[in-house]
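Following: one structure in structure tokens, then a few remarks.
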Amino acid sequence: RSSIIIRKPDTYASQKYKRMASHEYQITIFSPDGKLHQIEYAFKAIRSSNLTSVGVRGADSVAVCIEKKIDDRMIDPASVTHIHRITSEIGCLVTGRDADGRAWISRLRHESFKYLEENGHQIPVDILAMRAADIAQMYTQKSFMRPYAVELMLFSVDAEKGALLYKVDPAGHYMGYFAVSSGVKEQEASNYLEKELRNRGSFSNLSEEETIRIAIESLQNTMGLDFKATDIEVAVVNSTTKTFKKLSVEEIEANLQIIQKFE
């Protein structure tokens, strides 16, 4: 008489596998090699936006530049932007997912207004960058949250500290920079900026016009394209007005012509 042997599933092995793989799906669990995979995926989501951005800090001004891509001809180009005003003195460039970026901008404006109510003066850009990093880091601790798939460049000119440029990433890491890049070709842009810094010795003596042109030129060389004025967005804050300003299409075109003349 033949007998049928029914094997029970190896529940211990399956549970062990689940425990080993859980770090892939849980934001609060470190992998065996010390990584939070959900944070790594947030960085990949930023790269998948296929945008590259650059920020440069000069002597008395900060300029940022990012590509402007319109994928659908039915979209009004005036409604597409990656550079936003947080306060009259602080600008923010967002690289990554648009919806996450809009949520970040709303939160930063709320934090700025709350600081103004409590302290009676506008929030300094370094305090806002630190607050943004604290919020981003908190989102890596809660299982019911996910990190924003964007990197922020916050820039302004402070009365005491001068021109300031900060970058905040989804992990809650933030630092001040002389020049910084973000996006799909971040490394190539960083290499170009480092080369420019070596050649010039410093960016701390750049005028406002030079700061703007280096930002545009570095993005143009990184992408290997000759931009039209409508292909990019540029914004600047200087020490004279201390006011956030986005350059018009005519102003961008004038800078592109000067860059082309000296190439």
By average Cβ neighbour count within 10 Å, what is the ranking of 171-183, 116-128 from highest down? 171-183, 116-128
Using θ = phi - 60° and the Karplus curve 6.51 cos²θ - 1.76 cosθ + 1.60, what whole-Hz ³J(HN,Hα) does each residue of the range 141-148 get, with Gly and Pro shown as x? 9, 9, 6, 8, 10, 9, x, 5
Taking the mean number of other Cβ atoms within 10 Å as a proxy for protection, how do you rank 215-222, 101-108 from highest to lowest? 215-222, 101-108
Could you give the distance between the Cα centres of the range 70-88 and the range 247-263, to the whole Å? 21
Can you tell me which aspartates and glutamates have their Cα less than 13 Å from the Cα of Lys69? Leave out same-chain residues fewer than eight positions away. Asp98, Asp231, Glu233
What is the packing order of peptides 196-208, 234-246, taking the mean over residues of other C-beta atoms within 10 Å and listing the highest first? 234-246, 196-208
Which residue, chosen from Ala99, Thr81, Leu219, occupies the Cα position most advanced towards the positive end of the dipole of the chain, where the dipole is computed from +1 (Lys, Arg) and -1 (Asp, Glu) charges on Cβ about the Cα centre? Ala99
Karplus-derived 3J(HN,Hα) from phi for the range 66-71 (6.51 cos²θ - 1.76 cosθ + 1.60, θ = phi - 60°), whole Hz, x at Gly and Pro, runs 8, 5, 10, 10, 10, 7
Roughly speaking, what is the stretch gain from Gln257 to Leu116, that is 0.36 nm per residue apart minus the C-alpha to C-alpha distance, in nm to one decimal? 46.7 nm
Based on Cα positions only, what radius of gyration and what Dmax would you give for the range 135-181, in angstroms? 13.0, 40
Please give the direction-averaged projected area of the C-alpha convex hull for the range 191-263, in square nanometres with one decimal. 5.2
Probe 1.4 Å, heavy atoms of protein chains only: per residue, the accessible area of the chain in Å² is 57
With label points built 7 Å along Cα→Cβ from the Cα atoms of Asp98 and Glu196, find their separation and express it in nm. 2.7
So for the chain, averaging the separation of alpha carbon pairs under 8 Å that are six or more residues apart and normalising by length, what relative contact order in percent results? 26
Name the long-range amide H neighbours of Ala171: under 5 Å, sequence gap of 5 or more, or other chain; modelled H, no Pro or chain starts. none
Under 23 Å, Cα to Cα: Lys pairs in the range 135-263, sequence gap 8 or more or different chains: 15
Going from most exposed to least, what order do Met153, Met138 have by accessible area with a 1.4 Å probe? Met138, Met153
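The values are calculated or read from the model by the stated rules, or taken from the named source; none is laboratory data. Source: prediction; values computed, not measured. Quick reminder, even Gly has a Cβ in these numbers, built from the backbone with ideal geometry, and neighbours come from all protein chains shown. Calculation scope for accessible area: heavy atoms of the full protein, side chains included, ligands and nucleic acids excluded. Shrake-Rupley method; radii C 1.70, N 1.55, O 1.52, S 1.80 Å.
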